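Colleague: Please see the structure below; I have some questions.
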Amino acid sequence: YPFNDKGHTNLFARISSGSFVIPECVSPRARCLIRSLLRREPSERVSSEDILLHPWLTKEDRDWVPRACDQMVPQCSLYD
């Protein structure tokens, strides 16, 4: 996730083309950050400094409510 396809060939083609879908339940600010991180051209991607300043990371969401899609990506162990 966010790149998903059957078979390695199709998956690599999707990654190379930058073709991905962000679920509708993801907030607009998070969608913006994800798109900025996954630009095809490395020179167009946001810097680590800009990531830390992105509104999605700096905004304090006091009324944050978990969404169903927050659980879409399975928990992964660092040692798998």
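Colleague: I want to confirm something. Restricting to region 32-80 and keeping residues that are more than 14 Å from the chain's Cα centre (by Cα), aliphatic (A, V, I, L, M) and not in a helix (DSSP H, G or I), which single residue is modelled with the lowest pLDDT?
Modeller: Residue satisfying both the conditions and the ranking: LEU78.
Colleague: Output the residues belonging to region 17-31 that are of a type outside the set (D, E, K, R) and more than 9 Å from the chain's Cα centre (by Cα).
Modeller: From region 17-31, those of a type outside the set (D, E, K, R) are 17-23, 25-28, 30; that's our starting set.
Across region 17-31, the qualifying residues are SER17, GLY18, SER19, PHE20, VAL21, PRO23, CYS25, VAL26, SER27, PRO28.
The values are calculated or read from the model by the stated rules, or taken from the named source; none is laboratory data. Keep in mind that what you see is a predicted model, and the values were worked out from it rather than measured.
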